[in-house]
Amino acid sequence: MNVPDRTVTVEEAYDDLARRSLSRISGDLARLIYLASTRDYNTGQYRHDGLAARFRAKITCNALELAHRQIFYRIAACSLEELVREVELYVSASQQGREEILRVWQKLEPYRVALPVNVNVALAQLFVSNIKLALAIVQGRQKQRAMGASAYSHGSHPANDFSVGTLREPANRARREWWGSSSRCPSCNSQAPRRVPTLKSLAG
């Protein structure tokens, strides 16, 4: 399909993507997985037929990469509580069973391929670590719910505590090491970077 010959910017394509596609996806984690799926793993190039019908291939690729990076940074900045909610939302919205998704994600770790190219190594490690913690919490809560009725009917209680508070400190410690020593980061009670990535800065 021929794209109208006019000057467009990455921001215009990004806005179109956000309005037509990303707004229909529930949760940033699901959006991250979706955007990663538009990337060709052999070439690193992003493709989106609907967007390419309205914008040129290079603009489309740049807009998808921009959205991918921006949402990744947003997920990486989440507190553990927020990330647990994202995992819950993603699992609940999937067509597969909850137990199957949690089992596969913990075994195969498919979320690793959702990382943008050339992302900071420490931030990538923090993302993977926090996803693992969130998965453990979600799976632990699910197991507690499944055995809860029987356990409480006999006056006993589950032995393991899968609350966010139990696993929060290891994640916060890793976040403090990453964010550095400039301004405060209220969501994790640690330090935040001097400059938060923006649409303009990510576009280069």
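The values are calculated or read from the model by the stated rules, or taken from the named source; none is laboratory data. On a predicted model such as this, the values are computed, not experimentally measured, just so you know. When we count neighbours, we look across all protein chains shown, and the Cβ atoms used for this are built from the backbone with ideal geometry, even at glycine.
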Run down 165, 148, 155, 140 and say which single residue is modelled with pLDDT of 85 or more and either of a type in the set (Phe, Trp, Tyr) or out of contact with any Cys (no Cβ under 6 Å at 6 or more places or on another chain) (or both). 140
Take the residues in the stretch 125-137 that are of a type in the set (A, V, I, L, M) and over 11 Å from the mean Cα position of the chain (by Cα); name whichever of them is surrounded by the fewest Cβ atoms within 10 Å (Cβ to Cβ). 136
Under 9 Å between Cβ atoms, which residue pairs at least 6 apart in sequence (or on different chains) link something in the stretch 90-111 that is in contact (Cβ under 8 Å) with a residue 60 or more places away in the chain and within 20 Å of residue 76 (Cβ to Cβ) with a partner that is of a type outside the set (Phe, Trp, Tyr) and assigned to a loop (DSSP other than H, G, I, E, B)? 90/26; 90/27
The one condition in (1) outside the structural domain of residue 27 (by TED's automatic domain parsing); (2) part of a helix (DSSP H, G or I); (3) of a type outside the set (Gly, Ala, Ser) that residue 116 fails to fulfil: (2)
Listed by range, helices (runs of 4 or more DSSP H) wholly within the stretch 18-108 having at least 3 residues that are in the same structural domain as residue 125 (by TED's automatic domain parsing), within 19 Å of residue 139 (Cα to Cα) and not charged (D, E, K, R) are 80-93, 98-108
